[in-house]
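Derivation of every value follows stated rules applied to the coordinates shown; laboratory data play no part. Predicted, not measured: the structure shown is a model, and the values here were computed from it. Counting neighbours? That spans all protein chains shown, and the Cβs are built from the backbone with ideal geometry, glycine included.
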Amino acid sequence: MMAGEASRARVMNGTVPPRPPLPEADVSDMEYFLAQVVMMLPVLGFSFLQPSPRVEAAPMVATPSPLFRVSAAGVRAEARIIDGQFVVLKGSMARKQGVESWTSYRNLRSELVENGRLVEGADPQMLVFADNVSFDSPSAAAAVVLAANSNGRILWKTADTGMTYSDWQALQLRMAGVDEATEEVS
């Protein structure tokens, strides 16, 4: 149930049987166990139970993420960083036909098409994001948008200045007083 509500994973089991009555102590133990699992999964790199970030008209953060754009191969897509996720915005385009050498994130893109989050557009060469879609990295987003193996850290650029995501991120670290040489790159 939680994975379906998060809209990040396709749940294969469509049946929801009635819950058998459990003693209150067992219910409490199971809820605690589930809370621990939900807390540990993102640490291990599994974010499918985390809710998708919501794009709001007026961001509540003090310094909102700039608008990032990628324009290549006839594609134009926009994204923002929301709640630590790289979110490609609704209405962005993605190349319909992938290049032959494309290997990364092909399955993710197929799932987005299957789930109706990436749909046919007016241009027969393009697909359109029907919803805001969050990605774990700018490279994952770029690979899905461009249908090619892509380095999103250099392809996504700020809409106002044209600064690459990589340079923007380094600037944010400098402004926060973090020395890049001591930081691990993920």
- Note on the structure: Per the 1/(1 + (r/R0)^6) rule, R0 = 41 Å and r from the Cβ atoms of Ser71 and Val37, FRET efficiency to 0.05 is 0.50
- Query: Which order, highest average first, do 114-127, 133-146 follow once you tally other Cβ atoms within 10 Å for each residue and take the mean per peptide?
  - Reply: 133-146, 114-127
- Message: Can you tell me the mean projection area, over all orientations, of the convex hull of the stretch 68-180's alpha carbons? Units nm², please.
- Response: 7.3
- How far is it, in nm, from the label point at Asn107 to the one at Asp83 when both lie 7 Å from their Cα along the line to the Cβ? 2.5
- Estimated dipole of the stretch 68-180 in Debye, rounded to 20 [Cβ of Lys and Arg +1, of Asp and Glu -1, Cα centre]: 220
- Full-stretch length increase - Glu114, Ser137 - with 0.36 nm per residue and alpha-carbon distance subtracted: 6.2 nm
